[in-house]
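What follows is a short report on a single structure.
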Amino acid sequence: MGKKTFEQLRQQRDAANTKLGELYLKANDREELTAEEKIQEANLEREIKMCENEMRGMKLESDHAAVQLENHKREVSEQFRQMLRECKDGKMNREILLAPSGGNTSANIQASGAINLDIKEMLPTLHEGLGLPAGLKIQTGVIGDELWPVSINDVAIEEVGETTSLTAQDLNFDKIKPSSKRCGLMVEISNRAIDNASFDLLSFVMTKFDIATRIYLASRIYSQAAWGEGNNHGPFSGLTPKTITLGTEAYKNILAAVAEFSDMGFYEGQVCISMDRVTEAELKATPKVTGAAAGFVVENGLCAGYPYTVSHFVNTEEDGNGGLQKTADRYIEIGYWEWFALQQHDDVRLAVDATSKDVIKKNVTAVALNTAWSMTDLSIYINGGKPAGNPAVYPTQAFSLYKIVNSSSSDI
């Protein structure tokens with residue numbers, strides 16, 4: 001077998017790092033590793049060091065920049081580890097901002113010598129079901145709550161006699177105010193992992209925060225669950241679905257569904273369609289026009305010519321216990337996402353606890369992430385939007401939910 005490439009070594013090193021992290025997590029509730037686990041730990045550390053030594057030893061110019069990047073990541077991880085040690089020992093504030101803010105010049109991750117982080121770095125869209133729709137913009141670091149003034153009615157031209165007085169018409173205004181909700185999570189890190197220089201601690205912690213944040217945003221944005229009064233929710237939450245027929249009529253019916261928005265004035269902007277994997281697979285095999293060489297409904301990364309996302313959260317509802325369950329039917333969601341405001345508010349804080357009774361018993365350090373998010377539908381007043389239901393709510397205008405009917409492979 002030939003010499004491994006830099007990328008192969010990196011993948012081998014990362015896989016060993018992951019196994020080492022899983023080993024520490026498994027042993028969190030014990031004071032020390034078992035004899036067998038200590039052997040595994042030593043073997044994994046030896047494998048990590050071997051990979052890193054080979055990576056550093058590579059002389060190819062194309063690999064040199066990658067080696068430098070790996071060294072930088074290692075330095076950052078060590079700085080983060082040192083910051084946790086100092087918090088644990090009471091040498092610095094136990095609540096740390098992920099970025100400097102205002103007059104705070106000491107209790108932030110940058111002042112500790114570690115990397116300055118941004119919430120946007122936690123939101124890649126690479127995993128199934130967690131990609132966010134085209135047109136949706138995420139605003140981070142919002143201070144306080146914004147206000148969006150809106151006109152809630154229109155006026156009409158009158159046709160009157162030459163000397164007849166025109167009727168005075170009122171222009172009424174209201175405001176949309178986001179309601180930010182505290183959002184957070186906590187992970188426990190083995191103190192052994194904090195002390196172990198071979199373990200990429202920063203990547204491990206940020207990966208946990210990253211995945212949890214993306215699941216939270218995607219589930220709220222796509223799911224039909226109501227989530228409870230006053231909580232963040234997306235535009236399809238509790239929405240009454242229309243119906244859409246796929247099969248041989250799929251292309252025409254999807255175009256017709258999008259055209260309904262044009263009738264309401266949404267002829268500009270970026271529409272995005274959302275569906276699950278099964279529906280995507282079906283539409284990839286559904287001709288636009290039966291018997292004609294016109295292509296398929298889903299092709300070249302577009303659905304009927306429009307951007308689309310795929311998420312299993314589209315077909316989810318409340319399970320009665322505060323969680324989600326799969327719906328009996330499949331759905332398609334269509335929306336103009338520039339009319340939805342997704343905002344992260346104020347600072348992002350890391351709170352470190354290494355001294356409370358529970359964490360001492362487990363020999364761990366608890367790191368909690370705290371911030372705030374708001375989700376605001378800005379289309380509720382469009383086209384004379386009126387409250388519905390009891391208590392009164394303003395239904396969305398820029399988004400629609402469609403239950404799929406009469407759709408099967410036999411129709412294709």
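Could you tell me which of the residues Glu282, Glu317, Glu333 is within 24 Å of Ile382 (Cβ to Cβ), in contact (Cβ under 8 Å) with a residue 60 or more places away in the chain and of a type in the set (D, E, K, R)? Just one listed residue meets the conditions, Glu333.
Of the residues examined, Ser203 is not one that is of a type in the set (Ser, Thr, Tyr) and in contact with a Phe, Trp or Tyr (Cβ under 7 Å, 6 or more places away or on another chain). For Pro307, the conditions (1) in contact (Cβ under 8 Å) with a residue 12 or more places away in the chain; (2) out of contact with any Pro (no Cβ under 7 Å at 6 or more places or on another chain); (3) closer than 28 Å to Gly228 by Cβ all hold with the exception of (3).
Against the test of being over 20 Å from Arg330 (Cα atoms), surrounded by fewer than 23 Cβ atoms within 10 Å (Cβ to Cβ) and over 27 Å from the mean Cα position of the chain (by Cα), the options Gly295, Gly305 yield a single qualifying residue, Gly295. For the stretch 27-44, which positions are modelled with pLDDT of 75 or more and under 33 Å from the mean Cα position of the chain (by Cα)? The one that is modelled with pLDDT of 75 or more and under 33 Å from the mean Cα position of the chain (by Cα): Leu44.
Quick grid of which residues meet (1) surrounded by 14 or more Cβ atoms within 10 Å (Cβ to Cβ); (2) hydrophobic (A, V, I, L, M, F, W, C); (3) closer than 30 Å to Leu84 by Cα; (4) touching a Cys at 6+ places or on another chain (Cβ under 6 Å):
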{"position": "Gly184", "(1), (2), (3), (4)": "yes, no, yes, no"}
{"position": "Glu188", "(1), (2), (3), (4)": "yes, no, yes, no"}
{"position": "Arg192", "(1), (2), (3), (4)": "yes, no, yes, no"}
{"position": "Ala212", "(1), (2), (3), (4)": "yes, yes, yes, no"}
{"position": "Ser223", "(1), (2), (3), (4)": "yes, no, no, no"}
{"position": "Ala226", "(1), (2), (3), (4)": "no, yes, no, no"}
{"position": "His233", "(1), (2), (3), (4)": "yes, no, no, no"}
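The strands (runs of 3 or more DSSP E) located wholly in the stretch 245-362 that include 2 or more residues which are in contact with a strand residue (DSSP E or B) (Cβ under 7 Å, 6 or more places away or on another chain) and not charged (D, E, K, R) occupy 271-275, 306-310, 324-326, 331-336, 340-353. With respect to the conditions (1) buried (at least 16 other Cβ atoms within 10 Å of the Cβ); (2) free of Cβ contacts under 8 Å to residues at least 12 places away in the same chain, Ala259 falls short on a single one, namely (1).
The values are calculated or read from the model by the stated rules, or taken from the named source; none is laboratory data. Just so it is clear, the model here is predicted, and its values are computed rather than measured. Because the Cβ atoms are built from the backbone with ideal geometry, glycine has one as well, and the counts that use them run over all protein chains shown.
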